[in-house]
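Some notes on the structure that comes next.
Derivation of every value follows stated rules applied to the coordinates shown; laboratory data play no part. Keep in mind that this is a model prediction, so the values were computed, not measured. Methodologically, a virtual Cβ is constructed for each residue, glycine included, from the backbone with ideal geometry; neighbour enumeration extends over all protein chains shown.
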Amino acid sequence: MTDEIRLLMVDDSEFFAEMTASTLSEEHGMTTFWETSAEDALTFLDDTEIDCIVSDYEMPGANGLELLDMVTERHGDVPFILLTGRGDEEIASKAIAAGVSDYILKLEVVEDQQYQQLANRVESAVTQKRAQRRYELLVNNTPDAVAQVSANGEFIAANPAMADLASVSREELLGSDIVERLPDGIGDEWLSVGRTAIETGESQRSETEFDDRYFHNIFAPVDIRTERNTFQLIARDVTERVERERELERQNERLDRFASMVSHDLRNPLDVAEVNLSLLSEQFEDPPEELDRISGAHGRMTALIDDVLTLARQGATVEDPEPTDLEPTVEQVWPYIETGDAELVVEAEGTIEADGARLQELLSNLFRNAVEHGDASEIRVGRVDDGFFVADDGDGIPADERSEVFRTGYSTTDDGTGFGLAIVEEIAEAHGWSVAVADSKSGGARFDITGVTYC
């Protein structure tokens, strides 16, 4: 034991009480006190806090079990070890029924000098009580609704949050029926899942909507195959999480509608312009430069529409990422990028949680950026502790421009749309990742994608 144990020894034999208290103090490091009657013990306890009481059973006046009753009434549940003079079943039965922490034959302590055994029993009782108090403190102060429920639906124990959920006092809740206390079928549902936990011996989970709130529930079997099967119920209010998820779903739907609108309302007039430009071009044997500039403007508008659509759709939150092998994904993307003579080096083994299609889009934009804007001849993909990086040996990005590269419309070339790295950031944020730019070892640009979960 690392914490000091304060013990009260009660025995009508002054010699035995003092000797036992001294032995437990000197040989087992306890702070001990002793009294010779139940009445004196109660007076002592009124002024002194004790971790455990060791008491003789047979004493003049009140006996040991009667002392236990009086202590419980005045001071609550204090670990109590009973010393019995006889080892008969009647005394043992009475002791258990009275709620003693343990009992031991007094003759074993006196004749066999079993003070070590007594010390072990004291330490065990105090350890269990302290653990119970810490648990009760945690349960009583947690915002989660916690209860222990029997297989027949009776509330055995409950914390204040569970009582608030049932809209009754804690005293009213204890001993009542879960089905009756929780309306709208919630009690029936929770009891059914709890019984499944008891029958299977395995924890169960469920989601519940109740009184305009949402709860994530855990049902853990406590006593299995005993006379009183029970389960522990923990109901956590996840209303904020559910509402946030639903808002994200609404945002994603709005983004999708926006993307569809852009595709329909911009592409149609652009197609009309392209057709008319083609008809106009047929009227000239040698088309003027103005038509070439119009055609170039149409091409740039097409690229802008494609990038705006990509930006809108890639920004939707990734709700169901799947295990995605990083190295094969990188190698699948590379052949579809116009990289010229640039070479790819992959040092990124591992499986991450991601949307595979959007991960490919992210890599595609980084590869294009390296080749088209950085004039890179080698692109390297590697792994870091919580993510991966894409580095090149190109021109790099000046330090004073790094805060601008992810801004929509930023481009270092006349024919660039300025959406490529903005799309990269959108895809990263949609996954809950972060992206940052720095210098690579070869002097080019390095993009670190972090916050990634490896499987």
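Some points to look at:
- (1) 23.4; (2) 29.5; (3) 24.3, with the label sought being that of the calculated Kirkwood radius over Cα pairs in Å: (2)
- Other residues lying with their Cβ under 12 Å from the Cβ of R121 contribute a combined charge of -3, Lys and Arg counting +1, Asp and Glu -1.
- Considering only F231, V330, I427, and ranking their Cα positions along the charge dipole of the chain that arises from unit charges at the beta-carbon of Lys, Arg, Asp and Glu, the one farthest toward the positive end is F231.
- With neighbour counts taken as other beta-carbon atoms within 10 Å, the residues Y214, Y103, Y454 rank, fewest first, as Y454, Y214, Y103.
- The residue among Q116, L266, A370 whose Cα reaches farthest toward the positive pole of the charge dipole of the chain, with charges on the beta-carbon of Lys, Arg, Asp and Glu, is Q116.
- For the chain, the longest principal axis of the alpha carbon atoms and the long axis of helix 420-431 meet at an angle near 20°.
- Proximal charge balance of D56 [Cβ under 9 Å; K/R count +1, D/E count -1]: -2
- The label point for R246 and the one for D188, both projected 7 Å from the Cα toward the Cβ, are 2.4 nm apart.
- Those aspartates and glutamates that a straight Cα-Cα span of less than 15 Å connects to K129, excepting residues fewer than 8 apart in one chain: D3, E4, E49, D51, D77, D102
- Remark: spin-label model distance D292-L137 equals 8.3 nm, labels positioned 7 Å along the Cα→Cβ axis.
- Most simply put, the chain has about 70% antiparallel DSSP beta bridges, counting only bridges with both residues inside it.
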